[in-house]
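Peer 1: Sharing a structure here in structure tokens format.
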Amino acid sequence: MPRVRIKLLGIIADEIGIDELVIDAKNLLELLNKLRVSLPKAEKIFEDNNLRSFIGIVLNNTHINSKDKDFTTIELKDNDVVELIPLASGG
């Protein structure tokens with residue numbers, strides 16, 4: 001199973017209390033589910049079993065549109081890097 005590095009940035013890292021970890025997962029959905037299980041504080045970034053709307057996903061420097069996306073179709077490989085980033089908002 002691929003080993004994937006997860007980077008948590010900004011307020012996400014502050015809320016969860018960690019900024020980086022490694023998880024084995026074959027696709028993005030499995031990775032997010034394992035993140036929730038391994039770090040109880042990670043529940044703060046989920047809402048109704050989905051990532052909260054203010055969180056963006058970047059896979060190997062490419063933004064993943066989390067709206068209407070089936071994360072099981074996003075396969076992961078060894079040494080992939082997934083970043084969870086707070087999206088800018090305001091006016």
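Peer 1: Largest first and to the nearest Å, give the Cα extent of the chain along each principal axis.
Peer 2: 41, 27, 25
Peer 1: Too long at a 19 Å Cα-Cα cut-off: which of Lys41/Lys77; Lys44/Lys77; Lys7/Lys41?
Peer 2: Details: Lys41/Lys77 26 Å; Lys44/Lys77 27 Å; Lys7/Lys41 15 Å.
Long pairs (Cα-Cα over 19 Å): Lys41/Lys77; Lys44/Lys77.
Peer 1: If you don't mind, there's one more thing I want to ask. How far is it, in nm, from the label point at Asp19 to the one at Asp48 when both lie 7 Å from their Cα along the line to the Cβ?
Peer 2: Calculated label separation equals 3.3 nm.
Peer 1: Please turn the phi angles of the range 36-51 into ³J(HN,Hα) values with the Karplus equation 6.51 cos²θ - 1.76 cosθ + 1.60 (θ = phi - 60°), one per residue in order, whole Hz, x for glycine and proline.
Peer 2: 4, 6, 6, 10, x, 5, 5, 4, 5, 9, 10, 8, 6, 6, 10, 4
Peer 1: Counting other Cβ atoms within 10 Å, keep those with at most 15, restrict to DSSP loop, and tell me which chymotrypsin sites (Phe, Trp or Tyr not before Pro) in the chain are left. Show your work: numbers first, answer last.
Peer 2: On the way: sites: Phe46, Phe54, Phe71; in loops: Phe54.
Filter output for the chain: Phe54.
Peer 1: Which lysines have a Cα less than 17 Å from the Cα of Lys69, not counting those fewer than 8 places away in the same chain?
Peer 2: Lys26
Peer 1: What are the trypsin sites (Lys or Arg not before Pro) within the chain that DSSP puts in a loop, where the Cβ has at most 11 other Cβ atoms within 10 Å?
Peer 2: Hits after loop and neighbour filter: Lys67, Lys77.
Peer 1: Sticking with this one: Please give the FRET efficiency for Ala88 paired with Leu59, using the beta carbon to beta carbon distance and R0 = 30 Å, rounded to the nearest 0.05. Please list the in-between numbers first.
Peer 2: On the way: r = 19 Å, r/R0 = 0.65.
Once the sixth-power term is evaluated, E becomes 0.95.
Peer 1: Relative contact order for the chain: what percent, with Cα pairs under 8 Å and sequence separation of 6 or more?
Peer 2: Working: 147 pairs, mean separation 38.2, N = 91.
Relative contact order comes out at 42 percent.
The numbers here are math on the coordinates, done by the rules we state, and not lab data. None of these values were measured; they are calculated from a predicted model. Please note: Cβ atoms are built from the backbone with ideal geometry, for glycine as well, and neighbour counts cover all protein chains shown.
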